4 protein chains.
Amino acid sequence: MKVVLAYSGGLDTSIILKWLQEEYDAEVIAYAADVGQEEELDGLPEKAKNTGASKCYVEDLREEFARDFVYPMIRAGAVYESGYLLGTSIARPLIAKRHIEIAREQGAEAVAHGATGKGNDQVRFELTFYALEPGIKVIAPWRNEGFFQSRTEMMQYAEQHGIPIPVSAEKPYSMDRNLLHISYEGGVLEDPWNAPPKDMFLLTTDPEDAPDGAEEITIDFERGDAVALDGERLEPLPLMQKLNGIAGRHGVGRIDLVENRFVGMKSRGVYETPAGTVLHRAREAVEQITMDREVLHQRDAIMPRYAELVYNGFWFAPEREMLQAAMDRAAQTVTGTARVKLYKGSCTVTGRRAERSLYDADIASFEAGGDYDQADANGFIRLNALRLRVGSLKEQDAKG
Amino acid sequence: MKVVLAYSGGLDTSIILKWLQEEYDAEVIAYAADVGQEEELDGLPEKAKNTGASKCYVEDLREEFARDFVYPMIRAGAVYESGYLLGTSIARPLIAKRHIEIAREQGAEAVAHGATGKGNDQVRFELTFYALEPGIKVIAPWRNEGFFQSRTEMMQYAEQHGIPIPVSAEKPYSMDRNLLHISYEGGVLEDPWNAPPKDMFLLTTDPEDAPDGAEEITIDFERGDAVALDGERLEPLPLMQKLNGIAGRHGVGRIDLVENRFVGMKSRGVYETPAGTVLHRAREAVEQITMDREVLHQRDAIMPRYAELVYNGFWFAPEREMLQAAMDRAAQTVTGTARVKLYKGSCTVTGRRAERSLYDADIASFEAGGDYDQADANGFIRLNALRLRVGSLKEQDAKG
Amino acid sequence: MKVVLAYSGGLDTSIILKWLQEEYDAEVIAYAADVGQEEELDGLPEKAKNTGASKCYVEDLREEFARDFVYPMIRAGAVYESGYLLGTSIARPLIAKRHIEIAREQGAEAVAHGATGKGNDQVRFELTFYALEPGIKVIAPWRNEGFFQSRTEMMQYAEQHGIPIPVSAEKPYSMDRNLLHISYEGGVLEDPWNAPPKDMFLLTTDPEDAPDGAEEITIDFERGDAVALDGERLEPLPLMQKLNGIAGRHGVGRIDLVENRFVGMKSRGVYETPAGTVLHRAREAVEQITMDREVLHQRDAIMPRYAELVYNGFWFAPEREMLQAAMDRAAQTVTGTARVKLYKGSCTVTGRRAERSLYDADIASFEAGGDYDQADANGFIRLNALRLRVGSLKEQDAKG
Amino acid sequence: MKVVLAYSGGLDTSIILKWLQEEYDAEVIAYAADVGQEEELDGLPEKAKNTGASKCYVEDLREEFARDFVYPMIRAGAVYESGYLLGTSIARPLIAKRHIEIAREQGAEAVAHGATGKGNDQVRFELTFYALEPGIKVIAPWRNEGFFQSRTEMMQYAEQHGIPIPVSAEKPYSMDRNLLHISYEGGVLEDPWNAPPKDMFLLTTDPEDAPDGAEEITIDFERGDAVALDGERLEPLPLMQKLNGIAGRHGVGRIDLVENRFVGMKSRGVYETPAGTVLHRAREAVEQITMDREVLHQRDAIMPRYAELVYNGFWFAPEREMLQAAMDRAAQTVTGTARVKLYKGSCTVTGRRAERSLYDADIASFEAGGDYDQADANGFIRLNALRLRVGSLKEQDAKG
């Protein structure tokens, strides 16, 4: 059997790489995706081959990630449970898509990953696997009864097979990083009454240590997508990279919440999403002057479902595509500029403008001129009140 | 004819008070509601009588406002267009309700108010009037062709009738204040590219001038309602008053947006809602550990409609009451404590706990113990993927 | 002034035609749209000119009506208040669109229509006018204080101006007919306890008089649109015409309800929609085997809003277009055939099939084979139950 | 171990009864619920004991079923996927609730049922088990690897253990019956292009064989619940029984569809729901004159989710209870009478009335009198059109 394994070079996936060879007598092809986790990927192929991989793919997916995954999601205004900007969720379908493509290229019957049996990531990976390649065999060692049941067993196995064990102390929480965010969970974060440790954060300065001077930036949007930062036109990837730096410096983009996993339990997560937070706010500001009221309200009505789909892993699902069609239609007019102020953890909109603003001088005079007749409000209110009056009369009749 | 007029003692409603007497040959009863606008109301009855009112009601509605209007709305998580906490919207139905009660007590056939023909407040007042007293006659002078068409005319009229004209310079924007917030709009704010003037804000310190030291507070909730601040049990009104002070000192609660009015145009509004902002965040934090996932998602799905109803003035409407029934049911389990940090304009949740938390040590062990079997995820994922696999197979068949 | 008037040749619009000339000293251009009302339109231009029209447009819009209005709406599954198939609603935007085009061609500043001030049609016409030509002047004589306040006055005016008064007795209800339906309201129908008169219906045989033999037909759909009837490929217009005949013969498509008008009151309406009813049912049947579950549920969640928009007259509105984008995406897979049985008023689906059915022999074996493992249901149920168990445990703790 | 088994006396659950004793060395308590399946339950305890049960409960749940399950669901207007009236779905939580109560009474650690691993019923049963008794052990033999894998094995086992094998030929489909409906699926129905066999239906006459004379009946509702039939006040159970007879005689209540199961596949189901169909239509008719427009539209917006919850088995779930709170609030005004005509398979509303109708003579005059001013429609339309005009102007600017 041939298996393509999502491989990071870390202890767990190295052990899995070896274990797959032994357990399934399989040829294992390692695959690592670069979605902006800023880890050293240079030595990975060698490391993989040392652990027995027949091949190792290292794929730079960052541009595609920014352009085809992060941007459409931000365009849709997606926020899960009023706070989580879906940084991990949105990376998984892309990683899994390339995973399947490699399996096809290599004629592999199976794919394997190192996600555990309690999390969302296993679901996100596997829904994508099945959606793109319905006949694929999926191996998830952590859910396999034959896999290691304790850290000690794993360490022994690693030693036996010459898998290097990292010497640095393990962090008291786990983290996942990509272009859009870093997430932290587990360990010391498991008590939701505890604040996160001050030294945990990597992308954002502690607001209390952030610069004393505020910084204002502008972002230009076209059809819901950020296209320029401070007037400089940038592709999605460099725009996000640059914005991560600026927003992070000011401590913008931290969020700390208890969220509901698809697999059924609540989980505490802490996130840093500097660029994502600013893009979200700035886009809202431009929307406010360019999006029709009823379009905006309809968008807000379907957004929670859209975000739930992304969170749960249903990116390559027809219902997400259906909602995306509506979201893209809604974003069609969202072209303009927002100015935001970054200061000690907060991101405040201070201005917004658009050539085709639905709020501007022309409209103001349109209202004030002969065209907005205040008397129109009489009829508007009276007809809106009609059903309330009738209902009230009937109730009074019943009482009287 | 007898008319009850919503009267503030200011220039506009004083002129209306006189004008109603002349135009309708009416006996006018003045009525001022105290919803926390912190204006001097002591001399009001005398002032009203000097301008010809037969009577003047000054009503302290602050407790009722906090308890029966603000609290149920916050319990429902209501936010309009992702930002506006509905401070003005929620006061209007209460003011109008008491207005109607006075009209009944006084046997008045009509009610009058000084809201203009372009705003939301006219709608909110009048929908409440009609819902509670379907046969009432409503007089809205600003929409009346016979009313003054210019400031000059009004000034002349005031002088002729001995109505005192305030000497202080008018502010370059209009504002509305109550216990929950101050709103600012118009004037210099009309250009949405302009940031609000630094000296405009009354309830909140400029974040850049706020204390350098962060402050942490705790808020206890019972069934979705805040009941204690830093461990001190407080009724809604004093709790909000105290919290306004604390949050305002740290610059928390400013929001600047362009919103969609019910009457059809976009409008720029700047708001200060210190206590409201903190209560909203803190309640979310407690919800996250006490509210079932599907209840939360359902709440989020109907919240935008609930907020729209409040914004548009449909408080005394059966559809708001229907949604409130759902919201109150959802809030039933929301009992617990949140700890938030206030610092230079931001309000960050740093901890949450609850006796009946759906996330706690017991659950953790419940998961880890024999009861959460990671292998369960296999079936969960496979059945969730089934329709995607079938769909994908059909598509491949079609292509192949 | 130049005015384009929607003109039917009947008494009311003839009077309006004359009145516009007198009241506004206007040049009036008459315009009649053929949307399948099956009235004699041949003599109309002459009649219009006799009453003073400078010109008369008679436009056959039936193809466009079926293809660009009825079909997209049916594709979206639109039903208002669980019963009304929107026959009148969907015709209005098209009629008004052509009205505006004529106004532009003729350089007219105003458009006029004969709809009354209590109904939905005035709204549907005028929202379209304003959406397509925001600066247009709209004249709605029935809402004009200077217009006739009684039938007697109108008769006198007609006589004075040589406008022919129909001799046939007026029907005890009003009706509106087009390709999609006939609606009946008013008069004897105003008492909602009264059944409609037996001889009122024009398109459908009384079910009790319909043929004793049932008839089965098949309809083929492509991407949600009906393309063939009993295997014969037909364009939208002839397909609907033919299907109206068949379904009407069997008494299919009557509906009797009390609906809520946009202007605020309830209204009793009786409708005959033979082809529309059958198309709706048949499309549902094909959807059931070709549309993904979550797409279907999402469609059902937004359909009521879509139908409300069509009912209220917001066809040319960005929010309808946004929803249409989602609806069209959802309908993309709806290709297949339904067989329905027509019998004495009922339309029953008896079979459905599709080449790319998501329910078929292949799937059955896919399920039964090695691929659907019944044991998967264990994990599926257990993880779906997890939050219920935790919630229940917490409740028991609290009690115990 | 003690196990309570849902037992019907049929071959499958008899085999399971024996198998549980052998496989788990368990004491098995048999339990049969009467929800109106109209089967002989008299000899059941003896039969169960003969197969080794230590005890046998036979519980008549019909009243509770009608009153506390069917009625609240009908009050909510629940229909799954535009057709299925949820007859089986709504019985399962009740059956499972009593199952758990018996397990508690008997101190049993486990519950067992005979539902297969591909259907919805296993989910409905088990979600209820877990929600009410989170620590319960659930045994579902059909999903158990150690259980019989073929009919032949089962027959042998039955013979070996003296379990009587029914002599009558098996039906070419499976069915489930209760007070609300009979469902048919599987076998000859599996080809969705095939019409159901004519002789399959038990509750309804074939419409083509139904009486040639139509029958009109009236149903009175109070707060959304049917309380009288043809003027005779009846409790839920006898009302439904009587109505099943009348409607069934006229062939009313058949539906044939392909639905989406919670476990992921599409499934063809044919249903007879005579009383349920009539109650649903009649309630709609009364709602139309007694329910506020916006309440009705809100109800319609959340109904699909409510129905999905019932279908999936989430009756004892906080989100269903939350929605029920809204549904019950909405139904509060639904008091009145509907008249429906039953004729050869169709159920047509011919009249509706209510003391507190929102449509009646009083309202008519209210409209026509001084209170409905047609001129009000001017302002109503103009303000509703405002955003469309502004949007259109901006678009023209952009083009021009």
* To do: Tell me, please, whether a residue that is within 23 Å of the chain's Cα centre (by Cα), away from chain D (no Cβ under 13 Å), small (Gly, Ala, Ser) and assigned to a helix (DSSP H, G or I) can be found in segment C:235-245.
  => yes
* Having 1 or more residues that are touching a Leu at 6+ places or on another chain (Cβ under 9 Å), in contact (Cβ under 8 Å) with a residue 60 or more places away in the chain and closer than 27 Å to A:LEU296 by Cα is the bar; report the helices (runs of 4 or more DSSP H) wholly within segment A:23-107 that clear it. => A:71-75, A:87-106
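Those residues that are of a type outside the set (A, V, I, L, M) and touching a strand residue (DSSP E or B) at 6+ places or on another chain (Cβ under 7 Å), I need them from segment C:238-262; list them, please. Give the derivation first.
First pass over segment C:238-262, keeping only residues of a type outside the set (A, V, I, L, M): C:238, C:241-242, C:244-245, C:248-251, C:253-254, C:256, C:259-262.
Passing the criteria: C:LYS242, C:HIS250, C:GLY253, C:ARG254, C:ASP256, C:GLU259, C:ASN260, C:ARG261.
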* To do: Kindly indicate whether any position in segment A:12-26 is crowded, with 18+ Cβ neighbours inside 10 Å, under 23 Å from A:THR273 (Cβ atoms) and either among the aliphatic types (A, V, I, L, M) or in the same structural domain as A:MET154 (by TED's automatic domain parsing) (or both).
  => no
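Would you please name the residue that is farthest from the other protein chains (Cβ to nearest Cβ), looking only at residues in segment C:173-202 that are farther than 20 Å from D:ARG352 by Cβ and surrounded by fewer than 21 Cβ atoms within 10 Å (Cβ to Cβ)? So that I can check it myself, show each step before the final result.
Here is the first cut: in segment C:173-202, the residues farther than 20 Å from D:ARG352 by Cβ are C:174-182, C:199, C:202.
After this cut, where a residue has to be surrounded by fewer than 21 Cβ atoms within 10 Å (Cβ to Cβ) as well, the list is C:174-177, C:199, C:202.
Details: C:SER174: 15, C:MET175: 19, C:ASP176: 18, C:ARG177: 21, C:ASP199: 16, C:LEU202: 18 Å.
Filtering segment C:173-202 for residues that are farther than 20 Å from D:ARG352 by Cβ and surrounded by fewer than 21 Cβ atoms within 10 Å (Cβ to Cβ), the one farthest from the other protein chains (Cβ to nearest Cβ) comes out as C:ARG177.
Against the condition buried (at least 19 other Cβ atoms within 10 Å of the Cβ) and over 19 Å from the mean Cα position of the chain (by Cα), how does D:LEU279 come out, does it pass?
Working: buried (at least 19 other Cβ atoms within 10 Å of the Cβ): yes; over 19 Å from the mean Cα position of the chain (by Cα): no.
No; evaluated as a whole, the condition is false for this residue.
Would you kindly identify the strands (runs of 3 or more DSSP E) lying entirely within segment C:154-229 that contain at least 2 residues that are assigned by TED's automatic domain parsing to the domain that holds C:LEU342, closer than 28 Å to D:HIS250 by Cβ and hydrophobic (A, V, I, L, M, F, W, C)? Show your work before the answer.
Values: elements: C:174-177, C:182-185, C:215-222, C:225-229.
Of the strands (runs of 3 or more DSSP E) lying wholly inside segment C:154-229, those with at least 2 residues that are assigned by TED's automatic domain parsing to the domain that holds C:LEU342, closer than 28 Å to D:HIS250 by Cβ and hydrophobic (A, V, I, L, M, F, W, C) span C:215-222.
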* Asked: Can A:ILE136 be described as surrounded by 19 or more Cβ atoms within 10 Å (Cβ to Cβ) and either among the small types (Gly, Ala, Ser) or free of Cβ contacts under 8 Å to residues at least 60 places away in the same chain (or both)?
  -> yes
* Asked: Out of curiosity, is D:LEU189 among the aliphatic types (A, V, I, L, M), within 29 Å of D:LEU61 (Cβ to Cβ) and at pLDDT 95 or above?
  -> no
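Would you confirm, using the coordinates I've provided, whether C:ALA226 is closer than 25 Å to C:ALA330 by Cα and buried (at least 22 other Cβ atoms within 10 Å of the Cβ)? Don't jump to the end; show me each part of the working.
Numbers: closer than 25 Å to C:ALA330 by Cα: yes; buried (at least 22 other Cβ atoms within 10 Å of the Cβ): yes.
Here the answer is yes, as C:ALA226 does meet what is asked.
Residue under question is B:GLY9, and the condition is that it be modelled with pLDDT of 95 or more and either surrounded by fewer than 18 Cβ atoms within 10 Å (Cβ to Cβ) or in a loop (DSSP other than H, G, I, E, B) (or both); does it hold?
no
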* To do: Could you figure out which of (1) closer than 30 Å to A:LYS394 by Cβ; (2) within 14 Å of chain A (Cβ to nearest Cβ); (3) not in a helix (DSSP H, G or I) isn't true of B:GLY119?
  => (1)
* Structure fact -> Those residues of segment A:321-356 which are at pLDDT below 95 and in contact with a helix residue (DSSP H, G or I) (Cβ under 7 Å, 6 or more places away or on another chain) amount to A:ARG356
* Asked: Among the numbered criteria (1) farther than 25 Å from A:SER54 by Cα; (2) away from chain B (no Cβ under 11 Å); (3) among the aliphatic types (A, V, I, L, M), which single criterion is violated by A:MET155?
  -> (1)
* Asked: Being buried (at least 16 other Cβ atoms within 10 Å of the Cβ) and free of Cβ contacts under 8 Å to residues at least 40 places away in the same chain, is that true of even one residue in segment C:154-167?
  -> no
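What about A:PHE148, is it of a type in the set (A, V, I, L, M, F, W, C) and either in the same structural domain as A:TYR7 (by TED's automatic domain parsing) or at positive phi (or both)? Give the derivation first.
Values: of a type in the set (A, V, I, L, M, F, W, C): yes; either in the same structural domain as A:TYR7 (by TED's automatic domain parsing) or at positive phi (or both): yes.
Judged against the criteria, A:PHE148 is a match.
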* For D:THR205, work out the one condition from (1) touching a residue at least 40 places away in the same chain (Cβ under 8 Å); (2) surrounded by fewer than 20 Cβ atoms within 10 Å (Cβ to Cβ); (3) within 9 Å of chain C (Cβ to nearest Cβ) it doesn't fulfil. => (3)
* Out of B:VAL79, B:VAL70, B:VAL28, B:VAL35, which single residue is modelled with pLDDT of 95 or more and more than 30 Å from B:MET322 (Cα to Cα)? -> B:VAL28
* Index of the failed condition, C:GLY264 passing every other in (1) part of a helix (DSSP H, G or I); (2) within 14 Å of chain A (Cβ to nearest Cβ) -> (1)
* To do: State whether one or more residues within segment A:302-320 are within 14 Å of chain C (Cβ to nearest Cβ), over 24 Å from A:THR218 (Cβ atoms) and among the acidic types (Asp, Glu).
  => yes
* Name, by its number, the condition in (1) modelled with pLDDT of 90 or more; (2) surrounded by fewer than 22 Cβ atoms within 10 Å (Cβ to Cβ) that does not hold for A:SER365. => (1)
* To do: Can you tell me which residue among B:ALA108, B:ALA112 is within 14 Å of chain A (Cβ to nearest Cβ) and either in contact with a strand residue (DSSP E or B) (Cβ under 6 Å, 6 or more places away or on another chain) or buried (at least 18 other Cβ atoms within 10 Å of the Cβ) (or both)?
  => B:ALA112
* Among (1) modelled with pLDDT under 95; (2) exposed (fewer than 13 other Cβ atoms within 10 Å of the Cβ); (3) among the basic types (Lys, Arg), the one test that B:ARG233 misses -> (1)
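One line per residue, one yes/no per condition, for (1) among the hydrophobic types (A, V, I, L, M, F, W, C); (2) under 17 Å from A:GLY114 (Cα atoms):
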| residue | (1), (2) |
| --- | --- |
| A:LEU132 | yes, no |
| A:ASN144 | no, yes |
| A:ARG151 | no, yes |
| A:ALA169 | yes, no |
| A:PRO172 | no, no |
* Go through (1) touching a Leu at 6+ places or on another chain (Cβ under 7 Å); (2) not assigned by TED's automatic domain parsing to the domain that holds D:ILE217 one by one and return the number of the condition D:GLU308 breaks. => (1)
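Let me confirm something: among B:GLY162, B:GLY117, which residue is out of contact with any Ser or Thr (no Cβ under 7 Å at 6 or more places or on another chain) and on the phi > 0 side of the Ramachandran plot?
Of B:GLY162, B:GLY117, the one residue that is out of contact with any Ser or Thr (no Cβ under 7 Å at 6 or more places or on another chain) and on the phi > 0 side of the Ramachandran plot is B:GLY162.
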* Structure fact -> Only unsatisfied item for B:PHE147, checking (1) among the aromatic types (Phe, Trp, Tyr); (2) at pLDDT 95 or above; (3) part of a loop (DSSP other than H, G, I, E, B), is (2)
* Looking only at segment A:291-298, decide whether some residue is more than 7 Å from chain B (Cβ to nearest Cβ), of a type in the set (A, V, I, L, M, F, W, C), crowded, with 23+ Cβ neighbours inside 10 Å and under 20 Å from the mean Cα position of the chain (by Cα). => no
* Boolean, A:VAL79 is among the β-branched types (Val, Ile, Thr) and more than 25 Å from A:VAL28 (Cβ to Cβ) -> yes
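The values are calculated or read from the model by the stated rules, or taken from the named source; none is laboratory data. Remember, predicted model here, so these are calculated numbers, not experimental data. No Cβ is skipped: glycine too gets one built from the backbone with ideal geometry, and neighbour counts run over all protein chains shown.
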